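Worksheet: the structure to be examined is printed underneath.
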Amino acid sequence: MASHPDFSASLSLLFAAAVLAQWLLRAWLVSRQVRHVARHRNAVPAAFTRRIGLAAHQKAADYTLAKARVALVDMTLSAVVLLGWTLLGGLDALNQGLLALLGPGLWQQLALLASFVVISFAVELPLSLYQTFVIEQRFGFNQMTPRLWLGDLVKSSLLGAALGLPIAALILWLMGSAGSTWWLWAWAVWTGFGLLLMWILPSFIAPLFNRFEPLADGALKDRVTALMQRCGFTAKGLFVMDGSRRSAHANAYFTGFGHSKRVVFFDTLLRQLDGDEVEAVLAHELGHFRHRHLLKRMLLMFATSLAGFALLGWLSQQAWFYAGLGVRPPLELALGQAGMPLESQAAALVLFLLAVPVFSFFITPLFSALSRRDEFEADAYAMEQASGAHLASALLKLYEDNASTLTPDPWYVGFYYSHPPALARLERMPPPP
């Protein structure tokens with residue numbers, strides 16, 4: 001297990017090439033999206049001329065173009081920061097500084113993880129604020145006040161520390177104490193933690209940020225209840241969330257699992273859609289449950305995380321993994337000694353979290369295609385249980401109200417879109433009433 005300089009240099013070169021390739025591909029896709037949307041800005045597609053006006057179409061195009069320009073800045077900043085953390089020695093400098101200040105031990109490891117999160121957040125903060133208070137504000141979507149934003153930040157930070165630090169401490173302890181199969185135990189802990197979050201999210205976490213009130217519209221409640229009975233679905237309750245406090249975007253979703261499942265409607269959705277359309281949208285969401293899409297995704301997530309922990313378990317024992325990504329390897333590994341040196345645990349976690357997305361990015365189209373297939377299946381189910389014409393009408397309203405472009409670039413769609421574009425969905429439905 002001694003250090004292999006050739007492996008380190010090869011990893012450095014491979015990583016740098018992957019970062020560059022990722023940036024070039026993302027920039028090319030964004031440039032295609034910008035050109036395609038701009039080229040079609042001045043004419044509503046023929047399939048939508050009866051329902052979408054030119055002004056709404058142009059607003060969606062301008063919104064898409066504004067977000068694309070911000071995305072280009074974001075991807076460039078992310079690539080520079082990533083190289084700064086790794087090949088340029090940022091993570092190593094932070095790790096060594098904390099070792100000198102705190103000495104080796106669990107507290108130093110937790111301090112490294114916490115410092116990495118805080119610094120990363122601070123770097124991303126200006127662009128995030130610009131997106132919320134400039135882009136979203138300009139197009140009429142932002143309802144967030146600085147006070148509400150700050151309150152959300154404080155609550156999410158405290159919640160993240162209360163939940164994240166104990167689970168991080170447990171995983172770090174397992175890395176140093178559970179032997180060569182620590183990664184299997186860590187995966188079990190991580191999986192259990194994820195299931196716990198799914199259970200407590202609807203009842204304990206979400207209400208910290210939003211108000212949830214029982215659905216008061218009696219006629220709509222009866223209609224939704226009858227739909228769920230037809231579909232064999234049970235939920236703990238039907239709730240309306242004050243999504244309009246933060247954004248004018250509309251949505252509806254299911255949350256929780258088992259007996260804690262809830263149906264949640266954004267108040268903005270109920271203002272935009274009539275009863276027939278709400279029923280059709282909910283039928284679409286029920287289609288995901290009927291086809292077990294959520295269960296399949298959860299199982300895929302668990303399998304992927306298991307593979308990830310197994311890979312981390314191996315890489316964390318390789319001196320070239322650290323050296324190749326800009327962190328000096330622990331002396332024990334450099335000398336070929338087995339075991340997990342205490343000062344390397346958090347560094348291994350951070351390096352892994354930084355490196356894996358660079359390479360996994362290139363399989364994004366596969367997961368996007370699977371997600372679009374699921375959406376088509378949910379649409380088909382909705383048309384069996386409710387009105388396909390009203391589903392089409394609801395989608396048109398949501399596309400218009402959310403300023404979603406009707407003319408995305410096909411390559412951009414194929415790579416990124418988790419939902420099919422408007423035309424692909426609507427051509428499978430009856431015309432809206």
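Each row is one residue, and each column tells you yes or no for (1) over 23 Å from M298 (Cα atoms); (2) touching a residue at least 40 places away in the same chain (Cβ under 8 Å); (3) within 19 Å of the chain's Cα centre (by Cα).
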{"site": "L125", "(1), (2), (3)": "yes, no, yes"}
{"site": "I135", "(1), (2), (3)": "yes, yes, no"}
{"site": "L150", "(1), (2), (3)": "yes, no, no"}
{"site": "V154", "(1), (2), (3)": "yes, no, no"}
{"site": "W183", "(1), (2), (3)": "no, yes, no"}
{"site": "F193", "(1), (2), (3)": "no, no, yes"}
Exercise for the section: May I ask you to list the residues in segment 259-289 that are touching an Asp or Glu at 6+ places or on another chain (Cβ under 6 Å) and within 14 Å of D217 (Cα to Cα)? Expected result: D267
Problem - Spans of helices (runs of 4 or more DSSP H) in segment 375-433 with at least 1 residues closer than 19 Å to L65 by Cβ and small (G, A, S) - result: 422-426
Exercise for the section: Please determine, by comparing only the residues of segment 220-236 that are part of a loop (DSSP other than H, G, I, E, B) and on the phi < 0 side of the Ramachandran plot, which one is farthest from the chain's Cα centre (by Cα). Expected result: C231
Practice task
Would you mind telling me which numbered condition in (1) out of contact with any helix residue (DSSP H, G or I) (no Cβ under 7 Å at 6 or more places or on another chain); (2) modelled with pLDDT of 90 or more; (3) not basic (K, R) W190 fails?
Solution key: (1)
Exercise for the section: Could you tell me whether any residue of segment 20-39 is surrounded by 14 or more Cβ atoms within 10 Å (Cβ to Cβ), modelled with pLDDT under 95 and not β-branched (V, I, T)? Expected result: no
Practice task
Identify, by number, the condition in (1) touching a helix residue (DSSP H, G or I) at 6+ places or on another chain (Cβ under 6 Å); (2) touching a residue at least 60 places away in the same chain (Cβ under 8 Å) that S247 doesn't meet.
Solution key: (1)
Exercise for the section: Scan segment 80-103 and give yes if some residue there is over 24 Å from W320 (Cα atoms), in contact (Cβ under 8 Å) with a residue 12 or more places away in the chain and surrounded by fewer than 16 Cβ atoms within 10 Å (Cβ to Cβ), otherwise no. Expected result: no
Fill in the blank from the handout: Going through segment 238-294 in order, the residues found to be farther than 21 Å from G388 by Cα, of a type outside the set (G, A, S) and in a helix (DSSP H, G or I) are R245, H259, D267, T268, L294
Exercise for the section: For segment 201-218, name all the residues that are surrounded by fewer than 12 Cβ atoms within 10 Å (Cβ to Cβ) and either touching a Leu at 6+ places or on another chain (Cβ under 6 Å) or without any contact (Cβ under 8 Å) to a residue 24 or more places away in the chain (or both). Expected result: F204, G218
Problem - Selection status of F254, in contact with a helix residue (DSSP H, G or I) (Cβ under 7 Å, 6 or more places away or on another chain), surrounded by fewer than 20 Cβ atoms within 10 Å (Cβ to Cβ), closer than 30 Å to A168 by Cβ and among the aromatic types (F, W, Y) - result: yes
Problem - Which listed residue is more than 28 Å from S78 (Cβ to Cβ) and aromatic (F, W, Y), from F48, F7, F15 - result: F48
Fill in the blank from the handout: Inside segment 312-371, the number of residues satisfying the requirement of being aliphatic (A, V, I, L, M), under 23 Å from A21 (Cα atoms) and at pLDDT 95 or above is 11
Completion exercise
Exactly one of Q131, Q143, Q108 is over 23 Å from the mean Cα position of the chain (by Cα) and either of a type in the set (D, E) or crowded, with 16+ Cβ neighbours inside 10 Å (or both), and that one is Q108
Fill in the blank from the handout: For segment 263-289, the count of residues that are within 21 Å of G232 (Cβ to Cβ) and modelled with pLDDT of 90 or more equals 11
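The values are calculated or read from the model by the stated rules, or taken from the named source; none is laboratory data. Remember, predicted model here, so these are calculated numbers, not experimental data. Backbone-built Cβ (ideal geometry, glycine too); neighbour counts: all protein chains shown.
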